[in-house]
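Remarks on the structure that follows.
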Amino acid sequence: MKLNIRNKLIIFAAILIFAPLALSALAFVVIVSGNIEEDARRSIEKDARLAEELLRNRQQILLETAQATAQAIAKDNLIDSAATPSSATSSSGNPSQAAQASQAGGQRQLQQLLKQRNDVSGVDFIAVLNTKGQVLIRHNGNAEAQESLADNPLFVKARNAIESNQADAIEKATSAGTINETEELLKRFGLDEQLKKSAGAKLGLTFEGIAPITSGNKALGFVIVGQLANNAPQDENRPLNALTRKVKQTLYRDLQEASVTAILSKDKIIVSSSDPRAIGTKVQSELSSDKPTAVSNSLLNDSYKTAFAPIKSPDDQLVGYIGVGVKNSYYNQVLYTSLLIIAVATLIFLALGIGLAVFLSQQLTLPITQLTEAANRISLGELDDPIVIASKDEIGQLGESLERMRISLKQAIERLRSRR
C-alpha cells in the first residue's frame, strides 16, 4: 500500500503522541499503585490505633463503673457486711444472732447493689475485695472460702499504691487494664461456658477496672469489675456490647461486608471477632509487640489487609492483640478504578492528539495537493486557471513559481499562434 505525505504525517504524529502518553500512563500506574498500597498500609495501621483507643475507652467505662459502685458501697457503709463481724459476740465467743442477722441483711443489700450495677452497666462481673485481695462477695453470690484475686495485677498495683501512704494514693489505686484470668476464676463468675466457646482457650482475656472503697483517706476494700473478651456476644442490644462490634460500628460503618475486627490471645489465636466464624483462627503473620503493623492475612476464606495493636497488662506484659482487617478486594477495587481512569484519560488524550494530527496534516498537505493538481492541468495544456496558494512559506513560493510558469507558457503559446 502506497502512503501519501498526509498519511505519513498522521502516522508519524500518532507515534510521537502515543509513545510519551504510553510511558506517562505506565509511570502513573506505578505511582498510583504504590500510593494506594502505602495509603492502605497507613489507613489500616491508623484504624488499629483507633481500635486501641476504643479499648482504652472501654477500660475507662469499667473504671467509672468500679468507682461508682465503690462510692455507693462506701456511702451506705456496706463493706462491713461482706466480712465476718468481729464484735457483738455471744458468751461462747461466736457472733451473736443479732450481729449475724445484721450481716445477712447487709450482704443481701450489697449483693442486690452489685447485681443491679452489673445489669445496668452491662459488665460481666463485679466483686468486692478486702485489702488483702480476698473476694468477699460477687454480683452472682457469696465468695467461696479462700477465693482470692491477690495476684491480679490491677489489685497488686492498687494495694501498692495504698501502702505507699502518698497523698495521691487513692487516685493511684484507681486504675484499669487488660488481664488474663484463669478458667477457674471465670467459672465462679459464671463465664466458663463463654470461655469454652472460644476455641478451647484456657485463659480469658478480660478488661477490668478497680477502685478503692474509702472512708476518708483510708481504703476499706476494693471493687473490681470486668468484661470477658473471649467469644463476647455481638448483640447490639447489650448495655455494653462486645468491643469488636463497637470497633467495627465506629470505624467501618460503610464497610460492613468488607471488614472484620478481632481480639487475639497472646499466642495470636482469635478469641473474639465481629464475625464469630473467625474465632479459633490462628494469625500466621509476625506481629509487633510495640506497635500496629500492616500485614496480609487469610481470614474467613478471604484475603485481608490487617493490623493488630498489642495489648499490655498493667505490669507491662503482652496479653493479646486488638486489630482490624479490610478485604484486599476493596483496595484492589480502588486500584482498578484508578487504572480505569488513567486508561480512559490516556485514550481521550490519544484521540485528541490524533485528531489534531489529522487536522494539521490536512492543513500542511492541502497546498501541496493544490500544486499537484495545478501541475497536472498545466501538463494537459489547461493554462487558463490561475494558481492561487495562500501559504506564505516555501510552498507558497513554489506556487508563485508555477503561476509564473503558467503565464509564460500561455504567452508563448499565444505568440506562436499569432505568427501563423
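Would the stretch 348-358 turn up any residue that is exposed (fewer than 15 other Cβ atoms within 10 Å of the Cβ), among the β-branched types (Val, Ile, Thr) and without any contact (Cβ under 8 Å) to a residue 24 or more places away in the chain?
So far as the stretch 348-358 goes, yes, one or more of its residues are exposed (fewer than 15 other Cβ atoms within 10 Å of the Cβ), among the β-branched types (Val, Ile, Thr) and without any contact (Cβ under 8 Å) to a residue 24 or more places away in the chain.
Please find, among ASP384, ASP315, the residue that is of a type in the set (D, E, K, R), more than 26 Å from the chain's Cα centre (by Cα), within 30 Å of SER265 (Cα to Cα) and not in a helix (DSSP H, G or I).
Criteria check complete, one pass: ASP315.
Among the residues of the stretch 241-253, count how many are closer than 30 Å to GLN134 by Cβ and out of contact with any Lys or Arg (no Cβ under 8 Å at 6 or more places or on another chain).
Residues that pass the stated criteria total 0.
Which residues, taken from the stretch 93-134, are exposed (fewer than 15 other Cβ atoms within 10 Å of the Cβ), more than 18 Å from ALA72 (Cα to Cα) and at pLDDT 90 or above?
Correct list: LYS132 only.
Show the residue pairs meeting these rules: Cβ distance below 6 Å; 6+ apart or different chains; first residue within the stretch 119-148 and on the phi > 0 side of the Ramachandran plot; second residue modelled with pLDDT of 90 or more.
Going by the 6 Å Cβ cut-off, the qualifying pairs are GLY133/SER148; GLY133/LEU149; GLY133/ALA150; GLY133/PHE155.
Could you please tell me which pairs satisfy a Cβ distance under 6 Å, a separation of 6+ or placement on different chains, a first residue in the stretch 150-178 that is in the same structural domain as PHE222 (by TED's automatic domain parsing) and of a type in the set (Asp, Glu), and a second residue that is modelled with pLDDT under 95 and not in a loop (DSSP other than H, G, I, E, B)?
Filtered contacts from the stretch 150-178: no entries.
Read through the list (1) more than 20 Å from LEU360 (Cα to Cα); (2) surrounded by 12 or more Cβ atoms within 10 Å (Cβ to Cβ), then give the number of the only condition that LEU371 fails.
(1)
Okay, residues lined up against (1) acidic (Asp, Glu); (2) out of contact with any Lys or Arg (no Cβ under 6 Å at 6 or more places or on another chain):
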residue	(1), (2)
LYS172	no, yes
GLU181	yes, yes
LEU186	no, yes
LEU203	no, yes
ALA211	no, yes
ASN231	no, no
GLU236	yes, yes
SER273	no, yes
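For the stretch 178-208, how many residues meet the condition of being in a loop (DSSP other than H, G, I, E, B) and either on the phi > 0 side of the Ramachandran plot or at pLDDT 85 or above (or both)?
5
State whether one or more residues within the stretch 224-242 are basic (Lys, Arg), surrounded by fewer than 18 Cβ atoms within 10 Å (Cβ to Cβ) and within 27 Å of VAL271 (Cβ to Cβ).
Yes, the stretch 224-242 has at least one match.
For the stretch 243-259, does any single residue satisfy the condition of being surrounded by 16 or more Cβ atoms within 10 Å (Cβ to Cβ) and either among the β-branched types (Val, Ile, Thr) or touching a His at 6+ places or on another chain (Cβ under 8 Å) (or both)?
yes
The values are calculated or read from the model by the stated rules, or taken from the named source; none is laboratory data. Predicted model only: the values in this text are computed from it and were never measured. Positions of Cβ are generated from backbone atoms using ideal geometry, with glycine treated the same way; all protein chains shown enter the neighbour counts.
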